[in-house]
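Structure, as structure tokens:
The values are calculated or read from the model by the stated rules, or taken from the named source; none is laboratory data. Computed from a prediction, not measured in an experiment: that's the story for all the values here. Virtual Cβ from ideal backbone geometry, glycine too; neighbours counted across all protein chains shown.
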Amino acid sequence: MFDKITYLDNAASTRLDERVLEAMKPYFFDTYAVATSEFGYSMGIDAKEGLMAARGSIARTLGASAEEMVFTSGETESSNMALKGVTAAVKKKKGSHLIVSRIEDFPVLNTAKSLERQGSKVDYLNVDSEGAVDLEQLESLITKETALVSIQHANQEIGTLQDIKAIADICSDKDVLLHTDATHTFTRVPLDVKKIPVDLVTISAHTIHGPRGVGGLYIREGTPIEKWMDGGYQESNRRAGLENIPGAVGFAKAVELVTPEENAALARMRDHTISKALEDIPHVTLNGSRISRTPQNANLTFHYVEGESMTLHLDMRGFAVSTGSACFSRSLEASHVILGIGGDHEKAHGSLRFTFGRYNTMEDVDAVLSSLKEIVEKLREISPLYAKSR
Amino acid sequence: MLKAGDNLKFPYTEKVLEHFRNPKNVGKLEDADGKGLEGSPACGDMVAVYLKVDPKTTVIDDIKFESYGCASNIATASIITEMAKGKTIADAKKITWQEATDELGGLPPVKRHCSVLAVEGLRSAIRDYEEKHGLVSEQEPTTEEVVRSRLKHVMNPMAGLDIVRTELVTKIEVKEGIVRVVLDLPSSHQFANAIKEDLVEKLEALWDVKEVKVVFTEG
């Protein structure tokens, strides 16, 4: 039917880069030992060196030192570790109050809810119609008992970038720890922990053509954090479990392969998608900010039609995109992000998210939009709302 | 190598996909004898059904639908219009969600809600026809229970479920043709008007209802 699949859901997962796989291979077949101390056997010492080199180069990307970077199994584990680990460490001395934004991704949002059930008081920060958090509200909510503030660097669905510098300054003035989930910005949007006083940063390899199942948590030196998963003494006794050395090496390679030119190319695809959709198709609105958004994300609502119907038609034509419609989600709940920015179910119902990656081209953008124009027209033909609007 | 087209893993049967791709009886009948609208745009899927009925035989001569919904909603509406066409309204009323689903070769269980809406759309179009043509056999007086069951078709846009199940309705009173509904919502709420309009439309259609009063709870 089609000779090509066009994958435009790179915020969910990405195609592995072959060069990443090549970098990982020796750690599966030759240097497969656990990382040992320098008094161990040769293969274990080699493995440890590979792990250390990966740690160092990933940490440098954030302006951190190698010791401040802990490898994890990905975004979910990193954010669990940050919220649960810090809360456990400071709750006796300080308190267990948490502040998170309303539009966090599930690793932060549901960890906060879980801590709430265990007795933490949690405040959910409001965001404006573009998804930026209310800084005044943040300032007013911080108390002496606040254990941690957790606000994402950019949103997973609408790509909105937070003013992380302003957030970090507020937290540091009030002497409160700050965690940020940077899954959707790491290597795409600069974040330097030397310049911005964040204390913990979640990162992941799966959004940058690295292996899935590998992530990291930056923990600023001196940050109180308790080990939340019991087991061995790996990662300087901060994260138990056999180190995923091939994964760590692959993550470092993936980081190395992202270039400013690539990020600029993604931004061009994003901008082209947004302006072409708004120009070519009537009744379309942009979700999020036109300016303050990640280079790879475009999220638009096509009014009077439903998201799953659009994604299914697109799939039949070889395009993979996602939607915030309740019909598409496993929970049958409409996107909490679209509702969080003040949208209603109707806005979520017809929303589509396009996220670009290394293997997409400008031709892909033109192709998906020309298919989408036809699909939206076809679905509007049968929509009772569209008939009403005319 | 993964190629599009030869590797589609849809949770839907070929029949569902066929009705989704090329839905039957799509559109609107401007001079419809009966019409039904179920669901609400503020919270999710919506379906409209239009009927032309032969007054002598009560056979459904023509039927059309419009959908603002997902694949299950479109496919169920398409198949149910095919099933109802040519049947008397008495027979068409008896078509169940299960029969429509079976005809489609099955639907994923989580999609039940979206497809039930299509069946309800047909039934409400038939009810509309019956009410307009004095065919409601025993004119059941409107009681609190009747009102409650009608209000289960009014959606709460904040939850995506109806206003009865989400406990927005705190009180219903029926007295001499006047229905009074108390909602646990301030009148300044962003969805207050949308809910009120939908609610009034659903209750005014009842034969013995003269007036619908909606009371909001402030503060």
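Determine whether region B:128-150 contains at least one residue that is assigned by TED's automatic domain parsing to the domain that holds B:Asn193, touching a helix residue (DSSP H, G or I) at 6+ places or on another chain (Cβ under 7 Å) and within 25 Å of A:Glu346 (Cβ to Cβ).
yes
Counting just the residues of region A:292-320 that are more than 13 Å from chain B (Cβ to nearest Cβ) and in contact with a strand residue (DSSP E or B) (Cβ under 9 Å, 6 or more places away or on another chain), which one comes out nearest to A:Leu372 (Cα to Cα)? Step through it out loud before you land on a result.
At the first step, the residues of region A:292-320 found to be more than 13 Å from chain B (Cβ to nearest Cβ) are A:292-300.
In the following step, the residues that additionally are in contact with a strand residue (DSSP E or B) (Cβ under 9 Å, 6 or more places away or on another chain) were identified as A:292-294, A:296-300.
Working: A:Ser292: 25, A:Arg293: 23, A:Thr294: 23, A:Gln296: 19, A:Asn297: 17, A:Ala298: 14, A:Asn299: 14, A:Leu300: 12 Å.
Here the answer is A:Leu300.
Given the criteria at negative phi and not in a helix (DSSP H, G or I), does A:Thr285 qualify? Steps first, answer last, please.
Details: at negative phi: yes; not in a helix (DSSP H, G or I): yes.
Against the criterion (at negative phi and not in a helix (DSSP H, G or I)), A:Thr285 qualifies.
All but one of (1) closer than 25 Å to A:His349 by Cα; (2) touching a helix residue (DSSP H, G or I) at 6+ places or on another chain (Cβ under 7 Å); (3) more than 13 Å from every other protein chain (Cβ to nearest Cβ); (4) of a type outside the set (A, V, I, L, M, F, W, C) hold for B:Ser67, so report the exception by its number.
Tallying (1) closer than 25 Å to A:His349 by Cα; (2) touching a helix residue (DSSP H, G or I) at 6+ places or on another chain (Cβ under 7 Å); (3) more than 13 Å from every other protein chain (Cβ to nearest Cβ); (4) of a type outside the set (A, V, I, L, M, F, W, C), B:Ser67 fails exactly one: (3).
Tell me the residue from A:Ala35, A:Ala53, A:Ala47 that is touching a residue at least 12 places away in the same chain (Cβ under 8 Å) and either closer than 18 Å to A:Thr187 by Cβ or touching a Cys at 6+ places or on another chain (Cβ under 7 Å) (or both), please.
Values: A:Ala35 fails: either closer than 18 Å to A:Thr187 by Cβ or touching a Cys at 6+ places or on another chain (Cβ under 7 Å) (or both); A:Ala47 fails: either closer than 18 Å to A:Thr187 by Cβ or touching a Cys at 6+ places or on another chain (Cβ under 7 Å) (or both).
Result: A:Ala53 is the single residue among A:Ala35, A:Ala53, A:Ala47 that is touching a residue at least 12 places away in the same chain (Cβ under 8 Å) and either closer than 18 Å to A:Thr187 by Cβ or touching a Cys at 6+ places or on another chain (Cβ under 7 Å) (or both).
Out of everything in region B:16-64 that is at positive phi and either away from every other protein chain (no Cβ under 14 Å) or surrounded by 23 or more Cβ atoms within 10 Å (Cβ to Cβ) (or both), what residue ends up being nearest to the chain's Cα centre (by Cα)?
B:Gly39
Quick one: which residue in B:Glu173, B:Glu167 is more than 14 Å from every other protein chain (Cβ to nearest Cβ), among the acidic types (Asp, Glu), in a loop (DSSP other than H, G, I, E, B) and loosely packed, with under 14 Cβ neighbours inside 10 Å? Step through it out loud before you land on a result.
Values: B:Glu173 fails: in a loop (DSSP other than H, G, I, E, B).
Answer to the check: B:Glu167.
Among the numbered conditions (1) within 13 Å of another protein chain (Cβ to nearest Cβ); (2) under 20 Å from B:Tyr68 (Cα atoms); (3) among the acidic types (Asp, Glu), tell me where A:Glu377 comes up short.
(1)
Would you confirm whether any residue within region A:338-358 is more than 9 Å from chain B (Cβ to nearest Cβ), closer than 25 Å to A:Asn263 by Cβ and surrounded by fewer than 20 Cβ atoms within 10 Å (Cβ to Cβ)?
Within region A:338-358, one or more residues are more than 9 Å from chain B (Cβ to nearest Cβ), closer than 25 Å to A:Asn263 by Cβ and surrounded by fewer than 20 Cβ atoms within 10 Å (Cβ to Cβ).
Under 7 Å by Cβ, and 6 or more places apart or on different chains, what pairs join a residue from region A:247-271 that is closer than 17 Å to A:Tyr359 by Cα with one that is among the small types (Gly, Ala, Ser) and outside any helix (DSSP H, G or I)?
A:Ala254/A:Ala205; A:Ala254/A:Gly210; A:Arg270/A:Ala298
Pull up region A:1-56, narrow it to residues that are closer than 20 Å to A:Ser204 by Cα and of a type in the set (Ser, Thr, Tyr), then point me to the one that is nearest to the other protein chains (Cβ to nearest Cβ).
A:Tyr7
Being assigned to a loop (DSSP other than H, G, I, E, B) and either under 22 Å from A:Glu139 (Cα atoms) or among the β-branched types (Val, Ile, Thr) (or both) is the filter here; which residues of region A:79-104 pass it? I'd like the intermediate steps shown before the answer.
In the first step, residues of region A:79-104 are kept if they are assigned to a loop (DSSP other than H, G, I, E, B); the result is A:91-96, A:102-104.
Matches in region A:79-104: A:Lys91, A:Lys93, A:Lys94, A:Gly95, A:Ser96, A:Arg102, A:Ile103, A:Glu104.
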